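The values are calculated or read from the model by the stated rules, or taken from the named source; none is laboratory data. The shown structure was predicted, so the numbers you read here are calculated from the model rather than taken from an experiment. Methodologically, a virtual Cβ is constructed for each residue, glycine included, from the backbone with ideal geometry; neighbour enumeration extends over all protein chains shown.
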Amino acid sequence: MTSSSKTFTGKTSITLSKNRYKVWLISAIAVIISLVGFVKSSLTPAIGLPLRPGLDFTGGTQIKIERECIDKCTRISSLDVSETLNNINFADKETNQKMLSSRIQLLDGYKSILIRVPSISALESKTIVKSMVNVIGPFEDGGLSIETIGPTLGEKLLKTTLLSLLVAFSCVAIYISIRFDRKFSLLALLALVHDILIVSGIFSWLGIFLDVEINSLFAVALLTIAGYSVNDTVVVYDRIREINKQDLSLSYKNKIDKAVAATLTRTLYTSGTTLLPLLALIFFGGYSLFWFSVALAMGVVIGSWSSIALVPSLLTISNDN
């Protein structure tokens, strides 16, 4: 986050101040689409919340089975798996009822099967695994995992996640208020809300159409996005303050344009090098890290946009000369 000490002269190739309405329009459309996604997700009976919560937040039992495939796994149907679950006759009638709300996911070219049901006992989980042998077997040695999270723990994790985001936002506001001023702090917080809102909105739509669930890793991704966005924003702020002190002849709009031009290459290089390992995780990291990597990659792109375009363009509002 170091800045050059030389005097900035000459014309800049960036005319952000003249195109600020276009910047605001793009961000506004993205935010509106995200808000519509939240509403639609909340009104969807199978979800009932702005985002589809995963096992970490709702509690329940997840059974992951790895199939033994010689070359390529044979195609199976989630409907066949679901029917097998519903046909199991448990001694506990409540457990039989829980099977009706089970969710099945087929991953990695039908090699992995995820079965999610409300919390059940270890014995009932073993019964489910045995019933699956004739449908999706044989199983790979060591390819079985059963995870159970109680509803109380899930609720606690959700509250902790929200508290973490609130603390992160507060720390950002205090830091920028001390280093710059309240106006800069307000706009930095606005950029954070903008970035997290859009990423969450995208996942809201993914939850509706692709049944993508959010978990504790998604919360980690949001906190990482917040830190990344603030870092880029502070770099732009530093350059604006430096140019403001060095070149008193320019209007404030031109100073902002120069600051954006001076930091644009740095931002693009930083974002590009950050995206490279994330793309590697997306394509080669496996399912457990896939959506976490997708969320981070989206956050890098959206955070760069807000830092280099949205926040500087909003700074021109109170200095329209």
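What the table shows:
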| read-out | value |
| --- | --- |
| Residues of the range 36-81 satisfying the condition of being closer than 22 Å to residue 149 by Cα, modelled with pLDDT of 90 or more and among the small types (Gly, Ala, Ser) | 48 |
| Residue check for residue 293: in contact with a His (Cβ under 9 Å, 6 or more places away or on another chain) and in the same structural domain as residue 167 (by TED's automatic domain parsing) | no |
| Residues within the range 257-287 that are surrounded by 13 or more Cβ atoms within 10 Å (Cβ to Cβ) and of a type in the set (Gly, Ala, Ser), tallied | 5 |
| Residue in the range 245-256 that is surrounded by 20 or more Cβ atoms within 10 Å (Cβ to Cβ) and either under 17 Å from the mean Cα position of the chain (by Cα) or not in a helix (DSSP H, G or I) (or both) present | no |
| Residue in the range 302-309 that is of a type outside the set (Lys, Arg) and surrounded by fewer than 20 Cβ atoms within 10 Å (Cβ to Cβ) present | no |
